[in-house]
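Report on one structure; see the data block that follows.
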């Protein structure tokens with residue numbers, strides 16, 4: 001009985017850790033926050049993002065830049081994503097989202113197990129999906145807990161937890177910026193520079 005009395009607290013602690021890893025915040029809690037995020041409107045056009053992948057210890061394993069061409073017709077949003085990693089590797093993913101009711105979207109991509117249910121509320125967006133990833137020559141399927149938060153300056157912060165058996169093994173951080181806004185600011189600066197002195 002001694003080993004059982006010693007093992008039981010450890011088992012309870014492990015179960016608590018697993019349950020904590022499985023729990024997730026409900027996106028509806030952000031319903032009253034601003035600025036309001038609508039992914040169809042935000043990603044319609046060209047967007048650029050900078051990101052990094054960190055392992056469970058917090059060490060940065062990879063960095064990347066992604067250029068996104070978005071097309072939105074009021075119902076369907078298509079995101080054509082082109083990745084360039086710091087080691088020169090490139091990748092591409094095409095997401096298609098169909099708008100439903102009450103902030104709900106249904107998404108799909110060729111390398112994602114789907115369809116994927118996604119929700120937006122207030123300044124936040126969340127979706128959870130399964131993604132096969134090649135790790136050291138083996139294919140491992142992770143559960144991706146994907147969150148986006150719109151900032152007052154128009155940038156969009158994306159945090160994704162990569163989980164296996166409910167435990168977070170890696171995290172991805174991405175910052176998005178709409179290129180239309182950047183080009184608009186550049187054109188304004190150019191106009192001011194070229195204006196004659198009075």
Original post:
Just wondering, is there one or more residues in the stretch 11-25 that are in contact with a strand residue (DSSP E or B) (Cβ under 7 Å, 6 or more places away or on another chain), under 25 Å from residue 177 (Cα atoms) and either part of a helix (DSSP H, G or I) or modelled with pLDDT under 90 (or both)?
Top reply: no
Subject >> Among (1) exposed (fewer than 13 other Cβ atoms within 10 Å of the Cβ); (2) within 22 Å of residue 48 (Cα to Cα) - the single one residue 141 does not satisfy >> reply: (2)
Subject >> the stretch 44-67, residues that are in contact (Cβ under 8 Å) with a residue 40 or more places away in the chain and either closer than 15 Å to residue 172 by Cβ or part of a loop (DSSP other than H, G, I, E, B) (or both) >> reply: 49, 50, 51, 52, 53, 54, 55, 56, 61, 66
Subject >> All positions within the stretch 31-78 that are out of contact with any strand residue (DSSP E or B) (no Cβ under 7 Å at 6 or more places or on another chain) and crowded, with 18+ Cβ neighbours inside 10 Å >> reply: 72
**OP:** Name every residue in the stretch 27-43 that is outside any loop (DSSP other than H, G, I, E, B) and closer than 22 Å to residue 78 by Cα, in order of residue number.
**Re:** 39, 40, 41, 42
Original post:
Within the set of pairs 6+ apart or on separate chains, which have a first residue in the stretch 151-173 that is at negative phi and surrounded by 17 or more Cβ atoms within 10 Å (Cβ to Cβ), a second that is modelled with pLDDT under 95 and part of a loop (DSSP other than H, G, I, E, B), and C-beta atoms under 7 Å apart?
Top reply: 170/56
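The values are calculated or read from the model by the stated rules, or taken from the named source; none is laboratory data. Being a predicted model, the structure only gives us computed values, none of them experimental. With ideal geometry, Cβ positions are generated from the backbone for all residues, glycine too; neighbour counts draw on all protein chains shown.
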